[in-house]
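Visitor: Just passing along the structure, written as structure tokens.
The values are calculated or read from the model by the stated rules, or taken from the named source; none is laboratory data. Everything quoted here is computed from the prediction, not taken from an experiment. Glycine also receives a Cβ, built like all others from the backbone with ideal geometry; neighbour counts cover every protein chain displayed. Side chains are part of the model used for accessible areas, which takes the heavy atoms of the whole protein and leaves out ligands, DNA and RNA. Shrake-Rupley method; radii C 1.70, N 1.55, O 1.52, S 1.80 Å.
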Amino acid sequence: MIVEVPDNIIPLDNILPEEPLLMMGAGPVPLPSRVAAANSIVINHLGDTMAKVVQQIKKMSSYVFQTQSQHILGVAGPGSAAMEMAIANLVKPKSKVLSICNGFFSSRLAEMSERIGADVSYLNIEKPEYANIDEVAEYISRIKPQVVTIVQGETSNTVFNRTLPEICKLAREQGCMVVVDAVCTLSTMPLEMDNWGVDAVITGGQKGLASIPGVSLIAFSDKAWAFIEGRNDQLHHWCLDAKLADKFWYKNSYHYTAPVSGLLALHEALRLICIETLELRFERHMRHSVALQDGIEALGLSLYVDKDARLNSVVGICVPEGIQGPEILKHMSERYRVEISGSFGPNIVRIGQMGEQCRSHHLFRALHALGSTIKALGVEVDVPAGVAQLELTLENFPVK
Ligand SMILES: *Cc1c(COP(=O)(O)O)cnc(C)c1O
């Protein structure tokens, strides 16, 4: 044997904390118990039972994506794999792509297009602001891209592209396809795929949908599908080839072994969304997010993004002078067993409000942990005022 059996391997129970941390960061989010239970089951990846599950996932996804498209596909992979599936299928080498880049994830879409060999133009938005519609119009008419890529919510710096519906309309009028990354936003705020004219909507499991990481969904419009069907070049990506994935998702046959347990989990996550209804789910997210934002400001802290460009599914909080983001995270998880996220770039920490995160008891615990932590680290904050404001806004929302 060239490799001996390893010693010092300890059981998982000795690695994981006895009581799980409350996951209040930018994803993954806590799992509803139905979703966690479904994730522990394995069934045959083909056959009648799976076909029924797939059928229902597509039906429920139609509702969640607000589309009548018959081209909704699951992906065994992270949100990034769904992003790559959109790009690999809709972008060809030398295609002109306009990437609207507000931050880390929107830039990832651009990088994926670059790797395909596309001719990528960047509309970089340096400040934490949403895309300006006049600027986008100018770029589109000058560059004449075949594909425009954009995020609905830029999780990395907590910016919300409020102008997305107008941008989709504009792009459609100019004959471009629009790829929208809705990983952190789908089912937390309106996204009307058909009404807005989006050609590919990307989502992951572990954020807005409140399912597990590693199993994602993508929906293509009829126009996008016609483009995909019309391609006669061979994709470099085999797993992400939408025409091959169609075999499993619409023809009950084999592409690769589907992530069965993850799809069962996704089925339950989607079912919980259907039971709640999108209207009530959007309202729950808006109300809890605004209340949390008010609570944070009442503590005496500042939010990173101005109100009109602020994402309501992940909120960025400026790290007060004199302390460091990582110290906040460490203290919150050790002392209060609440986990939030740091950032890639700006000096902020981020609290998520996606799916199960958006329950008032979790928000009270997270806000209290944040305030008490910052106080313990030596910065003056008013914890009782913050918690009281969270309660007041929850009670009085919507403030008319
Ligand atoms: C998290 C996230 C992604 C990437 O998802 P992974 O599952 O980490 O690959 C992409 N886009 C946005 C907006 C995200 O929030």
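Visitor: Please determine whether any residue of the range 143-151 is open to solvent by 10 Å² or more (accessible area, probe 1.4 Å), farther than 20 Å from Gly79 by Cβ and touching a Gly at 6+ places or on another chain (Cβ under 8 Å).
Guide: no
Visitor: Could you grab me the full set of residues in the range 205-227 that are surrounded by fewer than 18 Cβ atoms within 10 Å (Cβ to Cβ) and more than 30 Å from Ala26 (Cα to Cα)?
Guide: Hits for the range 205-227 are Asp222, Lys223, Ala226.
Visitor: I would also like to ask the following. Out of the residues in the range 59-98 meeting the condition of being in a strand (DSSP E or B) and under 18 Å from the mean Cα position of the chain (by Cα), tell me which one is farthest from the ligand (Cβ to nearest atom).
Guide: Of everything passing the filter in the range 59-98, Ile72 is farthest from the ligand (Cβ to nearest atom).
Visitor: Regarding Trp249, is this residue touching a residue at least 60 places away in the same chain (Cβ under 8 Å), among the aromatic types (Phe, Trp, Tyr) and out of contact with any Asp or Glu (no Cβ under 8 Å at 6 or more places or on another chain)? Full working, then the answer.
Guide: Numbers: touching a residue at least 60 places away in the same chain (Cβ under 8 Å): yes; among the aromatic types (Phe, Trp, Tyr): yes; out of contact with any Asp or Glu (no Cβ under 8 Å at 6 or more places or on another chain): yes.
Yes: the conditions hold for Trp249.
Visitor: What number of residues in the range 318-339 are under 18 Å from Met23 (Cβ atoms) and in contact with a helix residue (DSSP H, G or I) (Cβ under 6 Å, 6 or more places away or on another chain)? I'd like the intermediate steps shown before the answer.
Guide: Going residue by residue through the range 318-339, those that are under 18 Å from Met23 (Cβ atoms) are 325-326, 328-339.
If we keep only those that are in contact with a helix residue (DSSP H, G or I) (Cβ under 6 Å, 6 or more places away or on another chain) as well, we get 328, 331-332, 336, 338-339.
Final tally of qualifying residues: 6.
Visitor: Now a separate question. State which residue pairs qualify: first residue touching a residue at least 24 places away in the same chain (Cβ under 8 Å) and inside the range 66-93, second residue part of a helix (DSSP H, G or I) and near the ligand (Cβ under 9 Å from one of its atoms) in any location, beta carbons under 6 Å apart, and separation of 6 or more residues or different chains.
Guide: Close Cβ pairs (under 6 Å, with a partner that is part of a helix (DSSP H, G or I) and near the ligand (Cβ under 9 Å from one of its atoms)) amount to Val75/Ala81; Val75/Ala82; Met83/Leu109.
Visitor: Tell me the residue from Arg310, Arg284, Arg337 that is surrounded by fewer than 23 Cβ atoms within 10 Å (Cβ to Cβ), at pLDDT 95 or above and on the phi > 0 side of the Ramachandran plot, please.
Guide: After ruling out the rest, the residue left standing is Arg337.
Visitor: Among the residues of the range 171-187, is there at least one that is among the acidic types (Asp, Glu), away from the ligand (no atom under 15 Å from the Cβ) and either open to solvent by less than 10 Å² (accessible area, probe 1.4 Å) or touching a helix residue (DSSP H, G or I) at 6+ places or on another chain (Cβ under 8 Å) (or both)?
Guide: So far as the range 171-187 goes, no, none of its residues is among the acidic types (Asp, Glu), away from the ligand (no atom under 15 Å from the Cβ) and either open to solvent by less than 10 Å² (accessible area, probe 1.4 Å) or touching a helix residue (DSSP H, G or I) at 6+ places or on another chain (Cβ under 8 Å) (or both).
Visitor: Could I ask something else about it? Quick check: is even one residue across the range 127-137 surrounded by 19 or more Cβ atoms within 10 Å (Cβ to Cβ), aromatic (Phe, Trp, Tyr) and within 16 Å of the ligand (Cβ to nearest atom)?
Guide: yes
Visitor: Tell me yes or no: at least one residue of the range 61-70 is open to solvent by 60 Å² or more (accessible area, probe 1.4 Å) and among the aliphatic types (A, V, I, L, M).
Guide: Taking every residue of the range 61-70 in turn, none turns out to be open to solvent by 60 Å² or more (accessible area, probe 1.4 Å) and among the aliphatic types (A, V, I, L, M).
Visitor: Next question. Among Pro259, Pro213, which is the only one that is more than 20 Å from Val180 (Cα to Cα) and not charged (D, E, K, R)?
Guide: Pro259
Visitor: Please identify the pairs in which a residue from the range 188-210 that is among the acidic types (Asp, Glu) has its Cβ atom under 7 Å from the Cβ atom of a residue that is within 16 Å of the ligand (Cβ to nearest atom) and open to solvent by less than 10 Å² (accessible area, probe 1.4 Å), counting only partners at least 6 apart or on another chain.
Guide: Matching pairs, first to second residue: Asp199/Val178; Asp199/Val179.
Visitor: Does any residue in the range 107-120 that is touching a residue at least 40 places away in the same chain (Cβ under 8 Å) and crowded, with 23+ Cβ neighbours inside 10 Å come within less than 9 Å, Cβ to Cβ, of a residue that is aliphatic (A, V, I, L, M) and part of a helix (DSSP H, G or I) six or more places away or on a different chain, and which pairs are these?
Guide: Leu109/Met83; Leu109/Ala86; Leu109/Ile87
Visitor: Further question on the same structure: From the list Glu126, Glu135, exactly one residue is of a type in the set (Asp, Glu) and outside any helix (DSSP H, G or I). Which is it?
Guide: Glu126
Visitor: I want to confirm something. Restricting to the range 366-381 and keeping residues that are out of contact with any Leu (no Cβ under 6 Å at 6 or more places or on another chain) and surrounded by fewer than 22 Cβ atoms within 10 Å (Cβ to Cβ), which single residue is farthest from Lys330 (Cα to Cα)?
Guide: Narrowing the range 366-381 to residues out of contact with any Leu (no Cβ under 6 Å at 6 or more places or on another chain): 366, 368-370, 372-380.
Still in the running and surrounded by fewer than 22 Cβ atoms within 10 Å (Cβ to Cβ): 368, 372, 375-380.
Numbers: His368: 15, Ser372: 13, Lys375: 14, Ala376: 12, Leu377: 11, Gly378: 15, Val379: 16, Glu380: 19 Å.
The qualifying residue farthest from Lys330 (Cα to Cα) is Glu380.
Visitor: Next up: From the list Pro384, Pro398, pick out the single residue that is modelled with pLDDT under 95, at negative phi and open to solvent by 50 Å² or more (accessible area, probe 1.4 Å).
Guide: Sole residue among the options that is modelled with pLDDT under 95, at negative phi and open to solvent by 50 Å² or more (accessible area, probe 1.4 Å): Pro398.
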